[in-house]
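Engineer: Handing you a structure now.
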Amino acid sequence: MTSDIIKYLATAGQTAPSADNSQPWIFVINDKEIQLFIDLEKIKPSCFDINHPAILLAIGAVIENILQAARWIGIKIDYDYCLCLETGKCAIFYIPDAYIPLPENARTHPLFMRCTNRLTFVKKPLPMGIANEILNFSNSTCKVLLYQNSDQLYQW
């Protein structure tokens, strides 16, 4: 298997959503497998531990992304789920031995179009039109509140 394929699969895994958007993935790669770890040091400061459902769902998202990316380029990979609380090891993906070049359309899969909130925070108010649209989501069973200044937030 080419290193391009392995890097492609790991990149697909990296695009998975994660708890607290922390992206705590570590991929250990060799020519026949990809090992997935959760960086235990990275998740320590968050409110989620390795057994938290949000972390477990995120691990599942990484696994699914890798499997979907492999399917997209026409290869079948197997994996073992192996959550280890001491090391953070979550899964091992077994890569076939066959030489397969990375197809030209590999990165057109929707996984690689994912938007995240990892951009720099911008302290800029919402335009009034958008604010009003958000407020219109209120109904008889649910009320949407939109705080537009620090005094309103402080009162809450």
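The values are calculated or read from the model by the stated rules, or taken from the named source; none is laboratory data. Note that the structure is predicted; figures quoted are calculated from it, not measured. Positions of Cβ are backbone-derived with ideal geometry, glycine not excepted, and every protein chain shown enters the neighbour counts. Accessible surface areas use protein heavy atoms only, side chains included; no ligands, DNA or RNA. Shrake-Rupley method; radii C 1.70, N 1.55, O 1.52, S 1.80 Å.
Engineer: Quick one: is Ile34 open to solvent by 20 Å² or more (accessible area, probe 1.4 Å) and part of a strand (DSSP E or B)?
Structural biologist: no
Engineer: In the range 103-136, what count of residues is obtained for those that are modelled with pLDDT under 85 and part of a loop (DSSP other than H, G, I, E, B)?
Structural biologist: Number satisfying all stated conditions: 15.
Engineer: Looking at the range 12-25, which of the residues that are in contact with a strand residue (DSSP E or B) (Cβ under 7 Å, 6 or more places away or on another chain) and open to solvent by less than 70 Å² (accessible area, probe 1.4 Å) is nearest to Ile77 (Cα to Cα)?
Structural biologist: Selected residue: Gly13.
Engineer: If the Cβ limit is 9 Å and pairs must be 6+ apart or interchain, which residue in the range 99-114 that is under 19 Å from Gln14 (Cβ atoms) and among the polar types (S, T, N, Q) pairs with which residue that is modelled with pLDDT of 85 or more and not in a loop (DSSP other than H, G, I, E, B)?
Structural biologist: Cβ pairs passing all conditions: Thr108/Trp72.
Engineer: Only one of Asp49, Asp4 is more than 10 Å from the chain's Cα centre (by Cα), more than 20 Å from Phe93 (Cβ to Cβ), acidic (Asp, Glu) and open to solvent by 70 Å² or more (accessible area, probe 1.4 Å). Can you tell me which? Show your work before the answer.
Structural biologist: Details: Asp4 fails: more than 20 Å from Phe93 (Cβ to Cβ).
After ruling out the rest, the residue left standing is Asp49.
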